[in-house]
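Report on one structure; see the data block that follows.
The values are calculated or read from the model by the stated rules, or taken from the named source; none is laboratory data. Just so you know, these numbers come straight off a predicted model, no measurement behind them. Methodologically, a virtual Cβ is constructed for each residue, glycine included, from the backbone with ideal geometry; neighbour enumeration extends over all protein chains shown. Ligands, DNA and RNA are excluded from the accessible area calculation, which covers all protein heavy atoms including side chains. Shrake-Rupley method; radii C 1.70, N 1.55, O 1.52, S 1.80 Å.
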Amino acid sequence: MELTGKNILGYTQSAKGETLFYAKNPSTGDQLKTPYHEATQQEIDEAMALAEAAFTEYREKSGKEKAVFLETIADELASLEQEIVAIGTQETGLPGGRLTGELGRTTGQLRLFASLLRDGSWVDARIDAADPNRTPVPKPDTRQMQIALGPVGVFGASNFPLAFSAAGGDTASALAAGCTVVVKAHPAHPGTSELVGNAIIKAAKKCDMPNGVFSMVNGASIAVGQAVVRHPLIKAIGFTGSFRGGKSLFDEAARREEPIPVYAEMGSSNPVFVLPGALKENHQALAEGLSSSVQLGVGQFCTNPGLTIVPEQEEGDLFENILKESISGAESATMLTESIQKAYNSGLEKLKAKATVASVSFGKKGEQQSQGVPEVLSVSANDFLSDKELEEEVFGPSTLLVKTQDKAEMIKIAKGLNGHLTATVQGTEADLVEYADLLKILERKVGRLLINGFPTGVEVCHSMVHGGPFPATSDARMTSVGTAAITRFTRPICYQNYPDALLPEELKTANPLNILRLENGAYVLPKQ
């Protein structure tokens with residue numbers, strides 16, 4: 001499929017802007033051949049007008065119709081696997097196998113939301129029947145459900161060119177909710193995004209969806225993203241990226257005449273607490289597992305274990321030596337962009353400039369460009385507690401060992417943590433009983449709490465939470481992974497004393513969709 005470098009404005013393509021930018025191959029530094037046209041304000045306005053017009057029709061589509069649409073998008077993406085992987089490897093430096101797996105995750109989450117729509121119960125229908133004989137005043141008939149917010153702006157992520165980009169979880173959940181979507185493609189992988197965007201448009205046409213159900217605008221400058229957030233027709237934003245980027249969008253949205261929610265996933269250091277019993281019994285396996293988790297995806301997962309809290313005991317020294325040996329023998333790998341690699345090196349240098357921080361071990365640097373070299377650093381618990389900068393995320397394949405003298409220090413570290421996406425506790429059965437208070441503290445600090453595992457790898461399923469207290473995300477009540485993500489792009493509405501014929505299908509007395517509902521305070525199961 002020939003790349004055009006144009007913006008996708010509903011069913012048309014547009015290249016009115018004179019500002020061009022190019023993707024680069026991060027492993028070679030070579031500029032790729034296709035020029036991309038940065039969207040003009042006129043093109044952004046056109047995309048928004050199309051999204052608003054399409055929303056009126058799209059929100060009325062049945063759950064089954066939207067499900068078929070999502071499934072068709074998944075089919076179209078699967079049919080383009082070779083082309084997507086080919087351009088994706090050039091733009092990101094990621095190996096083909098990683099991109100193939102990520103494409104499977106992308107199509108899988110589209111199909112998961114389709115199954116949610118087919119069931120229909122996600123709208124959380126609630127019905128309280130009228131009681132005209134109630135005194136002193138009659139009780140009205142009230143019925144509530146979730147409905148779509150309106151057009152949504154989605155920002156593609158640098159570290160997941162498929163699963164968190166043009167057709168990623170934000171787009172999938174917004175379309176499932178009944179919202180139309182305008183994507184701001186990430187400039188690091190515009191060709192991959194164009195292929196995906198065109199697949200969505202092809203699916204929309206096949207499914208007779210309204211023109212404007214999906215648009216995508218390009219831009220290497222911050223101006224395009226700001227224009228998306230500022231546009232009065234946009235009702236919510238989905239973002240995955242850095243704290244600086246997410247917070248700036250959040251602040252921009254708050255300054256609007258009509259403030260809107262920004263659901264920003266902004267990164268995390270994902271602390272791993274290694275308890276004494278587990279360290280004594282499994283120090284080798286734990287060190288090897290941590291080394292693998294740190295290096296996975298060149299450390300460019302938002303769930304990378306950037307902090308490891310470990311007791312200073314004999315097995316702690318063994319653990320550190322095994323980890324040191326594993327990392328020193330590790331090869332570097334290409335990071336997603338030159339700027340990400342520079343930020344990673346800068347983050348490490350900032351840590352190592354501190355007198356309290358020591359470099360334990362680092363890997364071998366390869367000859368290609370944008371290489372992320374694995375590294376382990378260490379600091380005492382006391383010094384960690386006195387310097388909040390040590391908790392900040394360093395986006396790349398590294399971890400900071402925080403050495404504790406006793407349980408009290410470990411508890412103090414947990415209490416002082418900011419919000420994170422995940423926390424992991426490695427412990428024996430006896431450890432977990434003794435450190436039950438640690439687990440209770442961590443429940444307040446993260447969105448996902450793991451026992452005896454590593455945080456890299458986020459299962460796409462109904463119960464997943466990929467979120468957490470600020471600054472990990474802008475709204476700790478929400479998740480960007482799993483079917484609960486749909487509620488970011490909906491709001492409740494109550495219908496009072498509505499004629500049954502005018503009610504949405506989900507709320508009609510006869511329950512024609514046969515969905516789970518809360519009726520007069522009791523859940524009524526669908527008929528089998």
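Summary of computed values
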| quantity | calculated |
| --- | --- |
| Single residue of segment 237-277 satisfying the filter (part of a loop (DSSP other than H, G, I, E, B) and closer than 16 Å to Glu391 by Cβ) that is modelled with the lowest pLDDT | Gly267 |
| Qualifying residue in segment 238-250 (condition: more than 26 Å from Val402 (Cα to Cα), free of Cβ contacts under 8 Å to residues at least 24 places away in the same chain and of a type in the set (A, V, I, L, M, F, W, C)) | no |
| Residues located in segment 185-211, provided they are within 21 Å of Tyr36 (Cα to Cα) and out of contact with any Asp or Glu (no Cβ under 7 Å at 6 or more places or on another chain) | Ala185, His186, Pro187, Pro190, Ser193, Glu194, Val196, Gly197, Asn198, Ile200, Ile201 |
| Wholly within segment 342-457, strands (runs of 3 or more DSSP E) carrying at least 3 residues that are hydrophobic (A, V, I, L, M, F, W, C) and farther than 29 Å from Gly93 by Cα | 448-451 |
| Residues located in segment 22-44, provided they are surrounded by 15 or more Cβ atoms within 10 Å (Cβ to Cβ) and either over 26 Å from the mean Cα position of the chain (by Cα) or within 22 Å of Val213 (Cβ to Cβ) (or both) | Leu32, Thr34, Pro35, His37, Ala39, Thr40, Glu43, Ile44 |
| Filter result for Ala330 (aliphatic (A, V, I, L, M) and without any contact (Cβ under 8 Å) to a residue 24 or more places away in the chain) | no |
| For Lys202: the one exception among (1) open to solvent by less than 10 Å² (accessible area, probe 1.4 Å); (2) more than 20 Å from the chain's Cα centre (by Cα); (3) farther than 18 Å from Gly150 by Cβ | (1) |
| Matching option when the condition is of a type in the set (Phe, Trp, Tyr) and open to solvent by less than 50 Å² (accessible area, probe 1.4 Å), among Phe384, Phe395 | Phe384 |
| Filter result (of a type in the set (S, T, N, Q) and surrounded by fewer than 18 Cβ atoms within 10 Å (Cβ to Cβ)) within segment 459-486 | Ser463 |
| Test set (1) touching a Ser or Thr at 6+ places or on another chain (Cβ under 7 Å); (2) outside any loop (DSSP other than H, G, I, E, B); (3) within 21 Å of Lys6 (Cα to Cα) - Gln146 fails condition number | (3) |
